[in-house]
Amino acid sequence: MFAAALKYVAFARVAAALARRDRGELFGRMVFFAVILGVFTSLWRAIADAGMPIAADAKQLVWYLATTEWIILSAPMVHMDLQESIRRGDVVCRLGRPASYVGSAFAEALGLLAVRAPLLAATAWICAAAFTGWIPPLASLGWTLPFGFAAAALITGMHLWIGLLAFWLEDVSPVFWIAQKLLFVFGGLMLPIDLYPTAMRTAAALTPFPTMLAGPASLVLPLNGSGSGLGMLTARLLAWGTVTAVAVWWEFRRARATLTINGG
Amino acid sequence: MSRHSNNLSFMCALLANNLKAAAALRGAFAMQVVFMILNNVTFFVFWWVLMRRVPDVRGWRLGDIEVLFGIVAAGFGLAVTVAGGVRHLGRLIHDGELDTLLTQPKPVLLHALGLRLQASGFGDLMSGVAFIAWSGQVSWRAAPLAALAIVASALVLLACGIVFQSLAFWLGNVEAVARQLWDLLITFALYPEPLFGGVLRLMLFTLLPAGLVGYVPARLAHRPTIALAVLAVAAAAVYLIAAALVFERGLKRYASGSRFGVHG
């Protein structure tokens with residue numbers, strides 16, 4: 001069991017080493033992140049001038065957005081790599097290895113996440129503090145780190161599920177766009193879900209998306225860092241993580257059954 | 001004059017060729033178009049929810065934002081439909097894949113831009129036009145000016161894409177950076193102009209001309225004046241000429257990839 005896990009740790013370490021070398025991409029993400037936060041700081045200020053529609057103030061909403069964006073930007077787009085691997089037929093070579101194809105892809109994504117997440121978290125916090133001149137209570141900020149990382153891993157699982165659709169679809173990008181936009185809307189990327197009309201709030205509650213974004217990000221808003229709230233968020237992350245794992249396992253099993261290998 | 005009409009008919013031939021290729025995979029084509037429309041509608045939910053609570057953000061109402069979003073989406077769609085090769089220009093330069101185009105009698109830049117068509121661009125174009133119509137802010141009499149605004153927006157976007165991707169002549173592999181710069185341009189163009197002030201505002205009308213991709217064309221469609229029409233057309237022409245000059249300058253530094261390949 002331990003030796004089997006070590007294989008995947010090695011996959012993660014190799015991916016992390018590669019990510020550390022690709023500094024340009026990481027730097028680009030950090031700049032993009034800073035710009036987005038700058039744009040939204042201006043937007044929330046403008047909305048504060050017009051009369052804020054919810055209890056949270058503009059500063060808290062900038063920190064909320066910094067956390068949701070941190071989670072989104074940290075999650076690796078593993079579906080693109082899987083699609084390429086399946087299209088080119090590389091997947092066949094990897095199926096014969098003594099390590100799960102899906103498991104190794106997930107481990108590589110976690111390795112990338114382990115490099116990206118701390119740097120983007122630093123960018124989020126520095127920019128949010130600079131733009132708002134305010135820092136949330138350190139305890140609630142501290143909780144966002146493990147929960148945000150877990151949420152990014154859950155999003156990575158969803159990307160993995162989308163990538164495996166390439167066994168049946170020519171291009172998985174349209175599925176990704178829809179999933180991403182559903183995540184933006186039902187996850188509460190830019191606005192806390194409390195702002196939504198009732199019907200949308202109800203619909204969002206039936207999806208995993210609020211657990212992926214609004215759950216961890218709401219920890220920086222007041223009255224959201226209580227013990228029961230953290231327990232509920234942990235339970236939801238575990239439940240949706242299990243659902244995603246089962247969905248990926250079942251999908252890959254179906255894909256292997258339908259796969260036809262020709263040539264050598 | 002005849003050289004220009006030759007180039008125009010060459011561009012039309014490339015577009016027709018790309019359309020035939022896209023139509024060969026009708027299912028995938030239709031899916032990309034439909035999903036892009038859904039993608040854009042989903043993105044707009046943010047504004048819809050926000051503006052229900054705050055109907056006026058520094059003088060911008062929901063209808064104004066619909067026109068802005070429509071112009072940028074339609075402009076982007078037009079750019080990647082007619083000149084989808086712009087997104088791959090940096091890679092062509094870096095990998096030495098311009099070789100096959102250099103030996104042909106047509107302008108290299110024109111050929112490289114017309115090599116590809118992004119099917120989802122049709123979805124952007126259609127949803128952009130739908131947003132403009134839905135806004136109720138643009139009368140039928142102003143429709144030709146709205147079309148002019150979309151073309152102007154597309155040309156400035158295209159020009160910026162050419163410049164960002166042409167950095168590959170000097171800096172090597174800039175694919176990720178160029179893509180992120182283009183994303184930044186689009187991000188800024190999608191938010192109301194009064195959110196930005198000072199040096200940033202100046203930058204948005206010069207170095208990163210989001211103002212000329214979004215605000216000026218949107219205002220032209222919304223409240224048309226001759227001065228705005230002249231400004232939009234002149235800006236598009238200036239940026240396009242500048243982009244062509246940058247590409248020509250870079251082409252002198254181009255190092256062949258010594259790669260054998262054929263473009264149909």
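Key figures
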read-out: Chain A - percent relative contact order, Cα under 8 Å, separation 6 or more; value: 26
read-out: Proximal aspartates and glutamates relative to B:Lys252, as straight alpha-carbon distance under 17 Å, when same-chain residues fewer than 8 apart are discounted; value: B:Asp95, B:Glu97, B:Asp99
read-out: Under the span-like rule (Cα at least 27 Å along the axis, Kyte-Doolittle mean at least -1.0), DSSP H helices of chain B; value: B:2-24, B:26-53, B:62-82, B:143-166, B:226-251
read-out: Contact order normalised by residue count of the stretch A:147-226, Cα under 8 Å, 6+ apart, percent; value: 34
read-out: Rounded, prolate or oblate (a/c below 1.5 giving rounded, otherwise prolate when a/b exceeds b/c) for the stretch A:90-225 by Cα gyration tensor; value: oblate
read-out: Value of [θ]222 nm, deg cm²/dmol, for the protein assembly as shown, DSSP H segments ≥ 4, -39500 (n - 2.57) each, nearest 500; value: -24500 deg cm²/dmol
read-out: For chain B, convex hull of alpha carbons as volume per residue, Å³; value: 139
read-out: Rh by Kirkwood over Cα pairs, then Stokes-Einstein D for the stretch A:1-136 at 0.890 mPa s and 25 °C, µm²/s; value: 143
read-out: Radius of gyration and maximum dimension Dmax of chain A, Cα, Å; value: 19.5, 67
read-out: Span-like helix ranges in chain A, DSSP H, alpha carbon extent 27 angstrom or more, Kyte mean at least 0.5; value: A:2-21, A:23-50, A:101-132, A:138-164
read-out: Centre separation in Å (Cα based) which lies between the stretch B:10-39 and the stretch A:153-175; value: 22
read-out: Ratio of Rg to Rh over the protein assembly as shown (Cα coordinates, Kirkwood Rh, two decimals); value: 0.97
read-out: Sites excluded, trypsin sites (Lys or Arg not before Pro) in DSSP loops with at most 15 other C-beta within 10 Å, longest stretch of chain B; value: B:62-251
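No value in this document is a laboratory result; all are computed from the given coordinates. Quick caveat, the model's predicted, so the values are computed rather than measured. Please note: Cβ atoms are built from the backbone with ideal geometry, for glycine as well, and neighbour counts cover all protein chains shown.
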